[in-house]
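The values are calculated or read from the model by the stated rules, or taken from the named source; none is laboratory data. What you are looking at is a predicted structure, and each value in this text was computed from that prediction instead of being measured. Reconstructed Cβ throughout: ideal geometry from the backbone, glycine too, with neighbour counts over all protein chains shown. The area values use the complete protein model at the heavy-atom level, side chains included, leaving out ligands, DNA and RNA. Shrake-Rupley method; radii C 1.70, N 1.55, O 1.52, S 1.80 Å.
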Amino acid sequence: MRDPQITRTITELRQALAERSGALIGLVPTMGALHAGHAALLARACSECKIVVASIFVNPLQFGPSEDYAGYPRDPQADIAYAGEAGADIIFLPTPETLTGRGLQTSVVVAEVGEPLCGLQRPGHFTGVATIIVKLFNIVRPDKAYFGEKDWQQLQVVRRLTADLDFAVEIVGVGVVREADGLALSSRNRYLSVSEYQTALRLPQALKAAANLIESGETDARVVALAFRHAIATGPDLKLEYFSICLPDTLEPVEAIQGKTLLAAAVRVGKTRLIDNVLVST
Ligand code: PAF
């Protein structure tokens with residue numbers, strides 16, 4: 001374990017980075033409520049970079065008015081300890097005033113790849129993500145930045161804005177970390193009651209059923225979608241927001257499955273919204 005340096009203002013963070021100038025810098029942006037998925041991002045960053053910065057910021061820009069911004073889990077002391085244990089050298093823990101307090105008049109809109117799937121369900125969400133990521137890239141100037149593949153669409157949005165705006169940062173996607181029973185780790189899993197947790201397991205199970213069908217030779221997306229719907233078994237306990245069979249980079253839906261294909265879904269279990277995806281190759 002390294003003893004992380006805590007920085008709360010942009011000036012403090014820039015100062016901390018200036019003292020280590022020339023070192024390869026990795027950035028792991030997070031909203032806190034850290035879990036083993038974040039630890040995997042930090043471990044990868046530590047294995048590739050000299051200095052690892054973990055930002056912990058519940059970004060108000062990426063929550064809709066009826067979403068869980070106020071109730072999103074916040075435990076900075078636990079997160080600092082966890083990020084330190086996981087290898088962060090510098091923790092950036094800004095207040096909302098520091099990053100968004102003045103009220104931004106600038107936003108970063110990533111068209112096309114930000115529009116389908118979660119973009120349809122959560123208008124403005126990816127603009128909020130993209131805007132804060134651009135600010136973090138400008139503040140930290142990382143050489144590499146690490147994002148979890150559970151948020152597959154977010155990863156594509158970040159890749160696209162990085163290419164479009166010529167940021168000199170390498171975007172690294174890190175594979176989904178799952179519980180032993182298959183549920184993808186998410187900070188929002190802590191909202192689930194014991195019975196909701198059992199219900200939520202139908203999400204990875206249905207994705208797996210769909211992936212297995214493709215791997216055993218099915219190429220018709222309609223057949224795979226039917227199998228997914230059968231396995232997810234929507235009802236009062238679980239509502240399906242979307243299921244998409246699409247190209248992994250552009251998220252364009254496919255009808256005839258061939259080559260690398262993403263299966264992505266979002267559900268609601270009680271009040272909790274969960275997303276997950278699997279990548280298949282034929
Ligand atoms: O994935 C997240 O936790 C957030 O969307 C991110 C990338 C930290 C931006 O606020």
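Centre-to-centre separation between the Cα atoms of the stretch 76-113 and those of the stretch 197-258: 33 Å. Basic side chains Lys and Arg get +1 at the Cβ, acidic Asp and Glu get -1 at the Cβ, and with that the dipole of the chain about its Cα centre reaches some 380 debye.
Surface composition of the stretch 199-282: carbon plus sulfur atoms contribute 54% of the solvent-accessible area (1.4 Å probe, protein chains only, all chains present). Of the residues A111, G175, I139, the one whose Cα sits farthest towards the positive end of the charge dipole of the chain is I139 (charges of +1 on Lys and Arg Cβ, -1 on Asp and Glu Cβ, taken about the Cα centre).
Charging the Cβ of each Asp and Glu at -1 and of each Lys and Arg at +1, and nothing else, the dipole of the stretch 66-147 about its Cα centre rounds to 280 debye. Of the accessible area of the stretch 99-180, computed with a 1.4 Å probe over protein heavy atoms only, carbon and sulfur atoms account for 46 percent.
Indicate the gyration tensor shape class of the stretch 17-128 (rounded, prolate or oblate), computed on the Cα atoms with a ≥ b ≥ c the square roots of the eigenvalues: a/c under 1.5 is rounded; otherwise a/b larger than b/c is prolate and the rest oblate. Cα axes put the stretch 17-128 in the prolate bin.
Rolling a 1.4 Å probe across all protein chains gives R273 an accessible area of roughly 40 Å².
For the set D143, D68, D79, D3, the ranking by accessible area, highest first and with no ligand, DNA or RNA atoms included, is D3, D143, D68, D79 under a 1.4 Å probe. Note that the chain presents 47 Å² accessible area per residue, ligands and nucleic acids not counted, probe 1.4 Å.
In this label model, A163 and A111 are separated by 1.5 nm, measuring between points 7 Å along each Cα→Cβ vector.
Per-residue ellipticity at 222 nm from helix content only, as computed over the chain with -39500 (n - 2.57) for each DSSP H run of at least four residues, stands at -11000 deg cm²/dmol.
Lys-Lys pairs in the chain that are eight or more residues apart or on separate chains and whose Cα atoms lie under 16 Å of each other come to 5. Computed over protein heavy atoms with a 1.4 Å probe, the carbon and sulfur contribution to the accessible area of the stretch 45-92 reaches 57%. Stretching E218 away from I10 to a fully extended chain increases their span by 69.7 nm, per 0.36 nm per residue minus the current alpha-carbon distance.
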